[in-house]
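Everything below concerns the one structure shown next.
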Amino acid sequence: MFAALMSFIKKRWKFILGALLVLGLGLWWWQSSQAKKPQLTFVSPTREDIVSSITISGRVDAKEKARLRFVAGGKVVYLGAKEGDEVKKWQTIATIDRAALQKQLQQNLNSYMKERYDFENVRDDIKDRVLETEEQRSVAKDQYDLENQVLNVEIQSIAIANTSLTAPFTGVLTVSPTAVTGVQLLATDYFEIVNPDTLIFRAALDEIDLHKVQLGQASQVVLDAYDEEAIDTAVSYISYVSSESSSGTVFLLEFPLTGASLQKYRLGMNGDAIIKLAEKQNVLTIPLDAISERDGKVYVQVKADNPEGSEEREISTGLESDDKVEVIAGLSETDLVVLPE
């Protein structure tokens with residue numbers, strides 16, 4: 001029997017070799033096609049709560065914030081508070097030396113009296129006669145000189161009154177140009193007072209989303225410095241006038257940070273405000289990146305018994321969150337939806 005088999009192989013070796021070659025090529029092609037065939041990832045629709053929202057960026061600020069400056073600067077002779085101190089309304093924050101200003105006021109008063117006596121002497125000389133045009137102009141000039149001296153006295157009095165800075169409201173001194181007296185301050189140096197009870201988060205909303213937002217809308221603020229902590233708040237202000245930003249026309253929104261502390265939430269901290277637009281509970285959802293849109297319709301790929309392993313199906317959608325979308329019709333919990341690679 002073995003001899004017969006060997007004899008058969010010798011007679012048919014070309015045919016057998018060709019068959020083995022065809023079989024090997026076929027196996028190689030099948031393995032290659034399987035390797036190139038994309039591996040699909042499926043996910044089942046799930047029931048959960050979904051929230052539609054808008055996220056905008058901004059920073060911490062305060063509604064009551066004041067910068068106080070001395071009109072002409074001067075040498076600091078008194079400090080009523082240092083940076084970080086709480087201050088009361090009308091409390092004196094700082095005082096500059098007023099001695100030079102008082103001397104200048106006395107000099108201005110002397111100049112005023114001299115100008116006034118000269119003016120009165122002229123009036124006495126001309127009271128009983130008719131003046132020519134040139135004399136009338138000279139008298140008018142003397143009157144203007146006298147009035148200018150009065151203004152100089154008033155301006156100097158104002159400068160003396162402004163040698164002390166007082167707090168316009170109760171708050172915290174957040175900026176002080178000096179911590180000691182005897183320092184010469186410039187007119188550009190300032191003290192800053194912030195009312196911590198008026199802390200807000202101010203953010204810019206693109207004009208295309210303005211119609212979606214209204215006062216009182218529930219929101220959350222998440223600061224970069226405390227990214228695991230959400231502050232519950234609401235829209236308290238929408239600006240009436242637009243502003244220009246690098247992204248286009250925007251409107252400023254404000255969100256109160258009730259109960260916040262300046263020790264934790266510092267002015268200028270960056271973060272995001274998440275404005276809740278709508279919310280639904282226990283609805284069917286799928287990942288947002290599983291859908292595609294074409295000609296005003298929404299489609300998904302679902303598992304199917306065909307060579308491709310999936311087929312396209314039209315669905316109807318509702319609310320969208322950052323990563324999920326509500327499915328109103330077209331899918332059930334038993335379907336398997338294809339996720340993109």
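Where Lys and Arg each count +1 and Asp and Glu each count -1, what net charge lies around Ala329 among other residues with Cβ under 14 Å from its Cβ?
Here the charged neighbours net out to -2.
List the aspartates and glutamates whose Cα sits under 13 Å from the Cα of Lys114, skipping any in the same chain fewer than 8 residues away. Cross-link targets: Asp142, Asp145, Glu147. Once amide H atoms are built 1.01 Å from N in the peptide plane, which residues 5 or more positions from Ile200, or in another chain, come under 5 Å H to H? Amide H neighbours of Ile200: Asp61, Ala62, Lys63, Leu257.
Note on Glu333 and Asp97: the extension gain reaches 77.0 nm, defined as 0.36 nm multiplied by sequence separation minus the Cα-Cα distance.
One chain, two ends: Glu86 and Glu120. Fully extended at 0.36 nm per residue, the span grows by 6.8 nm beyond their Cα-Cα distance. Round to the nearest 0.05 the FRET efficiency obtained for Arg59 and Ile160 when R0 = 41 Å and r is the Cβ-Cβ distance. Plugging the Cβ-Cβ distance into 1/(1 + (r/R0)^6) gives 0.55.
With a cut-off of 15 Å between beta carbons, the residues surrounding Lys89 carry a summed charge of -2, where Lys and Arg count +1 and Asp and Glu -1. Computed on the stretch 66-192, the Cα convex hull volume stands at 121 Å³ per residue. Measuring against 18 Å, Cα to Cα, the residue pairs Lys280/Lys303; Lys276/Lys297; Lys280/Lys324; Lys65/Lys276 contain Lys280/Lys303; Lys276/Lys297; Lys65/Lys276 as the ones spanning a longer distance.
For the stretch 247-341, state which trypsin sites (Lys or Arg not before Pro) are in a DSSP loop and have at most 15 other beta carbons lying within 10 Å of their beta carbon.
Sites meeting the loop and neighbour criteria: Lys264, Arg266.
Fraction of C-alpha pairs exceeding 16 angstrom in the stretch 150-219: 71 percent, rounded to a whole number.
Give me the net charge for the shell around Leu205: Cβ to Cβ below 15 angstrom, other residues only, Lys and Arg +1, Asp and Glu -1. List each step's numbers first, then the result.
Values: positive: Arg59, Arg202, Lys212, Lys276; negative: Asp206, Glu207, Asp209, Glu244, Glu254, Asp272.
It works out to a net charge of -2.
Here the dipole of the stretch 66-192 is about 660 debye; that uses its Cα centre as origin and unit charges on the Cβ of Lys and Arg (positive) and Asp and Glu (negative).
Coordinate-derived values only; no laboratory data. Note that the coordinates shown come from a computational prediction; the quantities given were computed from them, not determined experimentally. Virtual Cβ from ideal backbone geometry, glycine too; neighbours counted across all protein chains shown.
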